[in-house]
Structures are given as C-alpha cells and as structure tokens.
C-alpha cells in the first residue's frame, strides 16, 4: 500500500527533454519561462508524471530508469 506522502510525490510532474528523455532541465538565463536540456542542449521540454516518463524511457532504452537506479540498503 502506498503512503499518502509517496503518492503526493508521484503526483508532482517531471520536466524532461523530448529529444533524449533526460530529466536534467534548467532555465535559460534571461528568458522567462524557457528551459533547456543540460545533456543535449535541446529546448524541446515536456511535462508528465514520473510513471509516464519511465514508460517513455523504457520504450526508448529498453529498460526502466527507476527500477535500474533503485538502491538497496
């Protein structure tokens, strides 16, 4: 069962590069409301849930980013 706290984190949209699917998005200095991808430099940025983004990542890279990077403690 998911806790209320983790559900609320999952409801927060992520910003991603539509070109390479990176989550490393930063604002372009001096341009209001315009972002770019740190990895590839593209300004084509999208927004969706983390689950939707992971599905796109799986389709492109044939593996889950979230599952692959889960650390065991």
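The values are calculated or read from the model by the stated rules, or taken from the named source; none is laboratory data. The structure displayed is predicted, hence computed values, not measured ones. Quick reminder, even Gly has a Cβ in these numbers, built from the backbone with ideal geometry, and neighbours come from all protein chains shown.
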Exclusive hit being at pLDDT 85 or above and on the phi > 0 side of the Ramachandran plot, set 58, 62, 18, 34: 62
Candidates 15, 57, 36 - the one that is in contact with a helix residue (DSSP H, G or I) (Cβ under 6 Å, 6 or more places away or on another chain) and surrounded by 13 or more Cβ atoms within 10 Å (Cβ to Cβ): 57
